[in-house]
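Contents: one structure, followed by commentary.
The values are calculated or read from the model by the stated rules, or taken from the named source; none is laboratory data. Note that the coordinates shown come from a computational prediction; the quantities given were computed from them, not determined experimentally. All Cβ positions, even for glycine, are placed from backbone atoms using ideal geometry, and neighbour counts span all protein chains on display. Each accessible area value is taken on the protein alone, full model and side chains, heavy atoms only, with ligands, DNA and RNA left out. Shrake-Rupley method; radii C 1.70, N 1.55, O 1.52, S 1.80 Å.
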Amino acid sequence: PDLALSKTHTGSFTQGQTGATYSMAVSNVGTGPTGGLVTVTDTLPTGLTATGIAGTGWSCTLGTLTCTRSDGLAAQAGYPAITLTVDVAANAPASVTNSATVSGGGDTTPGNNTANDITNVTAVGSPDLALSKTHTGSFTQGQTGATYSMAVSNVGTGPTGGLVTVTD
């Protein structure tokens with residue numbers, strides 16, 4: 001047997017995102033079936049936190065990010081994929097590399113047992129508040145009830161958070 005691992009995701013992740021997913025697939029690219037326990041272990045980079053890991057037929061442990069199974073895998077066949085669900089930190093870097101390895105099953109060719117998935121992380125923009133102030137017509141000396149109108153808008157690339165105050 002010769003186990004190989006591939007790891008993929010779709011699109012870019014976003015800072016603060018919850019429920020982003022990776023998919024890991026184990027295949028036997030060798031000429032004979034596997035025998036014994038097969039283990040997949042994921043290593044998350046800083047900026048990602050695992051919230052779930054599962055795959056049909058796999059026994060997975062979230063705390064260690066490992067999945068195991070001991071049923072044989074025929075040559076040129078693959079196991080069902082493992083899905084790893086992660087949350088992306090609000091301050092995650094612009095690019096992270098998630099790595100995983102597969103071991104066991106009688107594999108003696110470790111050169112293709114590691115998969116790295118480079119993931120772009122889109123920064124959440126920053127708010128930029130703008131204030132406009134207008135009035136209609138001319139004011140006269142002694143006039144009462146003259147009014148100004150003020151409008152606040154966010155011309156930035158991200159949402160505001162917290163209290164917004166306008167002082168005149």
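Structure notes:
- Residue in region 135-148 that is in contact (Cβ under 8 Å) with a residue 12 or more places away in the chain and in contact with a Ser or Thr (Cβ under 6 Å, 6 or more places away or on another chain) present: no
- Checked against (1) at pLDDT 95 or above; (2) under 10 Å from the mean Cα position of the chain (by Cα), residue 62 passes all but condition (2).
- Conditions (1) small (Gly, Ala, Ser); (2) part of a strand (DSSP E or B); (3) crowded, with 20+ Cβ neighbours inside 10 Å; number of the one not met by residue 52: (3)
- Candidate set: region 132-168, residues that are under 32 Å from the mean Cα position of the chain (by Cα) and open to solvent by 90 Å² or more (accessible area, probe 1.4 Å); chosen: the one nearest to residue 87 (Cα to Cα): 159
- The set of residues from region 116-168 being among the aliphatic types (A, V, I, L, M), assigned to a loop (DSSP other than H, G, I, E, B) and either under 30 Å from residue 8 (Cβ atoms) or modelled with pLDDT under 85 (or both) comprises 123, 124, 155.
- Matching residues in region 14-37 - criterion: being farther than 30 Å from residue 88 by Cα, of a type in the set (Ser, Thr, Tyr) and open to solvent by 40 Å² or more (accessible area, probe 1.4 Å): 31
- Flag for residue 16 being at positive phi and at pLDDT 95 or above: no
- Taking region 74-112 as the range and being more than 21 Å from residue 22 (Cβ to Cβ) and part of a loop (DSSP other than H, G, I, E, B) as the test, the residues that pass are 74, 75, 76, 105, 106, 107, 108, 109.
- Whichever residue in region 55-69 is hydrophobic (A, V, I, L, M, F, W, C) and closer than 16 Å to residue 5 by Cβ and, among such residues, is least open to solvent (accessible area, probe 1.4 Å): 67
- Selection within region 73-131 - crowded, with 18+ Cβ neighbours inside 10 Å and without any contact (Cβ under 8 Å) to a residue 24 or more places away in the chain: none
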